[in-house]
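These notes are about the structure you will find just below.
Quick note: the coordinates plus some simple rules give every number you see, no bench work behind them. Quick caveat, the model's predicted, so the values are computed rather than measured. Neighbour counts run over all protein chains shown; Cβ positions are idealised from the backbone, glycine included.
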Amino acid sequence: MERAAVAMSGGVDSSVAALLVKNAGYDPIGLSMRLWDRQRDDKETKSDALPATRCCSPDELSDARTAATRIGIPCFIIDFHKEFEDSVVRPFVGEYLRGRTPSPCVHCNSRLKFGHLMSLADDAGAARVATGHYARIVRNEKKGRFLLLEARDKNKDQSYFLFGLTQEQLARAMFPIGDLTKQEVREIARSRGLPTAEKAESQEICFVPDGDYAAFIERYRPRDGSVAVAAPPPGKIIDISGRVLGTHNGIHHYTIGQRRGIGLAHSEPLYVLEIRPNENVIVVGERRLLGRSSCLVERPNWISITDLTEPLRVAAKIRSRHIPAQALIEPRGDGGVTVIFDTPQAGVTPGQACVFYEDEIVIGGGWIS
């Protein structure tokens, strides 16, 4: 039998993915990644009230092993602390310090789950790597390319977070639950008595256990002992005319489109319109000023096409839960992309991913600059 490595997080999705891989005739082995240190969290947040079953916690890793035992496959826990900090956490902190709002789950998928994990799969003699993502892969023989598609369950679709995968990674990847709904996944888990069948989903970013991103950035110290970059100091809050309205607590506390936490009295609710890190300034205004008719996207990765050589009509998603907006994308001389929306979009946020679709097919995507 062909061997397949299955990324097992301790949740119901990855558990059922492992079961389906085995049922499909593969010889599966489970690989669980330790990415962040629970004890480090507890010490730095000075809290014993953090959820024990959050992503990457010891309880989650134990559940992954228990599920693997029930399925009848081996499961190995791999320590990826250093790789995770270098590839995900440091860029996360750096982006906030630059006045951007990062998407660490995209980096974790492309760099860890389909980067380092595939190398481990090679060491284990596994030709394929399966995960519990809600997405689908098909081979387009005419184009000679692997295509990434939305999941059948559109409410659970995770294709947005996978736009960074390469053709080489897609050729080896398997998404066994991509054609299933969440309810069907749970029913399969119940029918096989998997201990993860009723588990709630993890919603938080694993290395920000209390959900306070700004506090995490302020207390973050690299594990290698290098000097941490100081969090930005307080600065001015201004309106679009440049009039000073108040003082902010540091640009890392804010993101484009934010309403709460601005702390200014005004006749209408105020939203963050722009973050200017070089000036240490936050620009605010009414909701009607949030719309943007275009944006620039850097470092694109193309999946259904080899490259963007001429303008192309797409449906563009500027965040994971964004309703795709009709747009025209045009190539730029620097390798980037200009996105021109048919109608202005609110909350176009530097640092977030912008992913392009044609119906349910992912064309590609990049990072809003």
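Just the number, please: percent antiparallel of the DSSP beta bridges in the stretch 232-289, rounded to the nearest 5. Please report the intermediate quantities before stating the final value.
Numbers: 9 of 12 bridges.
About 75 percent, rounded to the nearest 5.
Please give the Cα centre distance for the stretch 96-111 versus the stretch 238-310, rounded to the nearest Å.
Using only Cα atoms to place each centre, the spacing works out to 17 Å.
To the nearest 10 degrees, how steep is helix 12-23 against the longest Cα principal axis of the chain, on a 0 to 90 scale?
30 degrees
Under 1.5 on a/c is rounded, so check that first for the stretch 209-330, then, if it is not, pick prolate when a/b is larger than b/c and oblate when it is not; a ≥ b ≥ c are the square roots of the alpha carbon gyration tensor eigenvalues. Intermediate results must be reported in sequence, preceding the final value.
Details: a/c = 2.25, a/b = 1.29, b/c = 1.75.
Oblate, because a/c is 1.5 or more while a/b does not exceed b/c.
Most exposed first by the Cβ proxy, i.e. fewest other Cβ within 10 Å, how do S369, S191, S267 rank? Each step should come with its number before you reach the end.
Details: S369 14, S191 10, S267 6.
With the fewest neighbours first, S369, S191, S267 line up as S267, S191, S369.
Are there GluC sites (Glu not before Pro) in the stretch 248-316 that DSSP puts in a loop and that have at most 16 other Cβ atoms within 10 Å, and which ones? Provide the component values of the computation, followed by the final result.
Numbers: sites: E274, E279, E286, E298; in loops: E279, E286.
Those that pass, being in a loop and sparsely packed, are E279, E286.
By how many degrees, 0 to 90 and rounded to 10, does the Cα axis of helix 58-71 deviate from the longest principal axis of the chain?
30 degrees
Could you grab the relative contact order for the chain? Cα pairs under 8 Å, six or more apart, rounded to a whole percent. Present the calculation step by step, with values, prior to reporting the outcome.
Numbers: 761 pairs, mean separation 58.0, N = 369.
Relative CO of the chain lands at 16 percent.
Where in the stretch 118-196 are there GluC sites (Glu not before Pro) that are in a DSSP coil and have at most 15 other Cβ atoms within 10 angstrom of their Cβ?
Numbers: sites: E141, E150, E168, E184, E187; in loops: E141.
The qualifying sites are E141.
Work out, in µm²/s and without decimals, the Stokes-Einstein translational diffusion coefficient of the stretch 291-368 at 4 °C, 1.567 mPa s, Rh from Kirkwood over C-alpha pairs. Working shown, then result.
Values: Rh = 12.1 Å.
Rounded, D is 107 µm²/s.
In the chain, what percentage of the DSSP-assigned beta bridges are antiparallel, given to the nearest 5? Don't skip to the answer; put the middle values down first.
Details: 45 of 63 bridges.
Antiparallel bridges: around 70 percent, rounded to the nearest 5.
Can you give the Rg to Rh ratio for the stretch 232-289, taking only C-alpha atoms and Rh from Kirkwood? All intermediate terms of the calculation are to be shown ahead of the outcome.
Values: Rg = 10.0 Å, Rh = 11.1 Å.
Radius of gyration over Kirkwood radius for the stretch 232-289 works out to 0.91.
Relative contact order for the stretch 291-368: what is it in percent, counting Cα pairs under 8 Å that are at least 6 residues apart?
Numbers: 179 pairs, mean separation 32.3, N = 78.
Across the stretch 291-368, relative contact order equals 41 percent.
For C75, which sequence-distant residues (separation of 5 or more, or a different chain) have an amide H within less than 5 Å of its own amide H, given hydrogens modelled in the peptide plane?
Amide H to amide H, under 5 Å and 5 or more residues apart or across chains, C75 pairs with G30.
Can you give the relative contact order of the stretch 131-195 as a percent, counting alpha carbon pairs under 8 Å and 6+ residues apart? Before the final figure, lay out the partial values.
On the way: 89 pairs, mean separation 23.9, N = 65.
Reported relative contact order: 37 percent.
Most exposed first by the Cβ proxy, i.e. fewest other Cβ within 10 Å, how do H248, H322 rank? It would help to have the intermediate numbers written out before the result.
Values: H248 26, H322 17.
Fewest-to-most ranking of H248, H322: H322, H248.
Considering just Cα atoms, how many Å³ per residue does the convex hull of the chain enclose? Let's see the in-between values first.
Values: hull volume 57.6 nm³, N = 369.
Roughly 156 Å³ of hull volume per residue.
About its Cα centre, how strong a charge dipole does the chain have in debye, to the nearest 20, once Lys and Arg get +1 and Asp and Glu get -1 at the Cβ? Before the final figure, lay out each step's value.
Values: 48 positive and 47 negative charges, 44 e Å.
Charge dipole of the chain: 220 debye, to the nearest 20.
Give me the angle, in degrees from 0 to 90, between the Cα long axis of helix 182-191 and the longest principal axis of the Cα atoms of the chain, rounded to the nearest 10.
The helix 182-191 is inclined about 30 degrees to the chain.
Roughly how big is the stretch 291-368's charge dipole about its Cα centre, with Cβ charges of +1 (Lys, Arg) and -1 (Asp, Glu), in debye to the nearest 20?
Values: 7 positive and 9 negative charges, 76 e Å.
That gives the stretch 291-368 a dipole magnitude of about 360 debye.
When Lys and Arg each count +1 and Asp and Glu each count -1, what net charge do the other residues less than 13 Å away from N280, Cβ to Cβ, add up to? Can you show the working numbers first?
Numbers: positive: R98, K236, R276; negative: E274, E279.
Within the 13 Å Cβ shell, the charges total +1.
Within 10 Å of each residue's Cβ, count the other Cβ atoms and sort C105, C354 from fewest upward. Can you show the working numbers first?
Values: C105 18, C354 31.
Fewest-to-most ranking of C105, C354: C105, C354.
Rounded, prolate or oblate: pick one for the stretch 86-153, where a ≥ b ≥ c are the square roots of the eigenvalues of its C-alpha gyration tensor, a/c under 1.5 means rounded, and failing that, prolate if a/b is larger than b/c, else oblate. Walk me through the numbers on the way to the answer.
Numbers: a/c = 2.48, a/b = 1.50, b/c = 1.66.
Judged from the Cα gyration tensor, the stretch 86-153 comes out oblate (a/c at least 1.5, b/c at or above a/b).
For K143 paired with R90, estimate the spin-label separation in nm (one decimal), with each label point 7 Å from Cα along the Cα-to-Cβ line.
Between K143 and R90, the simple spin-label model gives 3.4 nm.
Within the stretch 272-369, report the trypsin sites (Lys or Arg not before Pro) that DSSP leaves as loop and that have at most 15 other Cβ atoms within 10 Å. Kindly include the intermediate steps, with their values, before the conclusion.
On the way: sites: R287, R288, R292, R313, K317, R319, R321, R332; in loops: R319, R321, R332.
Answer by residue number: R321, R332.
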